[in-house]
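One structure is given here, and the rest of the page talks about it.
Every read-out reported here was derived from the displayed coordinates using simple, explicitly stated rules and does not represent laboratory data. As the structure is a computational prediction, the values presented were derived from the model and not from experiment. Ideal geometry is used to build each Cβ from the backbone, glycine not excepted, and the neighbour counts take in all protein chains shown.
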Amino acid sequence: MVRSGHLPTTIERSYWRDADYASDAARLEALGYAVASEAENDPYVTASVPPDVGGVQGQPGRTIRRRVPIIHVIYERRPASA
């Protein structure tokens, strides 16, 4: 982005780790971006699968657990000061 000279007005990012968010936020702040929106969630989501999915009858249902990004951020570019 910096080399091309094209900096978008807004950037949406998702982070898997707090350390990635911290380093990215510092770099984007240096480019003139500020956090406009931030949301955190649990690192895992779960879903229950009914017992009759997949054509197998008589099998118990199961729970599926998946890891997801924990931080979702929208950055907005601040206007350049004169």
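Which peptide among 40-51, 9-20 comes first, and what is the full order, when sorted by highest mean count of other Cβ atoms within 10 Å? Don't skip to the end; give the middle numbers.
Values: 40-51: 10.8, 9-20: 12.7.
My ranking of the peptides, most packed first, is 9-20, 40-51.
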> In what sequence, highest mean first, do 23-32, 61-70 appear when ranked by Cβ atoms within 10 angstrom?
Replying inline: 23-32, 61-70
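Arrange the following residues from fewest to most other Cβ atoms within 10 Å of their Cβ: H6, H72.
Starting with the residue having the fewest Cβ neighbours, the order is H6, H72.
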>> Can you list residues from other chains, or at least 5 along the same chain, whose modelled amide H is less than 5 Å from the amide H of Y33?
In response: R78
